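Step one of this worksheet: look at the structure below.
A short reminder: the numbers here are calculations on the coordinates, not readings from a lab. Because the structure is a prediction, the values reported are computed rather than measured. Every residue, glycine among them, receives a Cβ derived from its backbone with ideal geometry; neighbour counts consider all protein chains shown.
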Amino acid sequence: MDMNVAIPALTAILAAVFSVALLDQWRDRRHAYQAVWCLGMLFFAIGSACEAIAAASGWNETIYRTWYLTALRCACSSLACSRS
């Protein structure tokens, strides 16, 4: 497997695992910042998965739009909002 595919794929898997862990924490404690971090990590996982798919098969409009909306727009903004 090419490293340009393997690294984003591994990143997507780890981000998805962390997102599930954050969702579990949010269910127990109900802190708003945990829900925001969960969504941010989920969006990051989707964006990383898009990058892995694109590295394996090439970019197309659907993959690029999904990557742009999740990785750049939603993940960065939601993670930045949870700092306060």
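Side notes on the structure shown:
- Exposure rule at most 13 other beta-carbon atoms within 10 Å, DSSP loop trypsin sites (Lys or Arg not before Pro): the chain longest free segment: 31-82
- Length gained on full extension, N60 to L14: 14.1 nm, using 0.36 nm per residue less the C-alpha separation.
- Between 0 and 90 degrees, the angle of helix 32-57 with respect to the longest Cα principal axis of the chain falls at about 10 degrees.
- The N4 and D24 beta-carbon pair, evaluated with R₀ = 25 Å, returns a calculated FRET efficiency of approximately 0.20.
- For segment 16-65, the convex hull drawn through the C-alpha positions has a volume of 60 cubic angstrom per residue.
- Helical mean residue ellipticity (222 nm; -39500 (n - 2.57) per DSSP H run of 4+; nearest 500) of the chain: -26000 deg cm²/dmol
- In the chain, the C-alpha radius of gyration followed by the widest Cα-Cα span (Dmax) gives 13.6, 42 angstrom.
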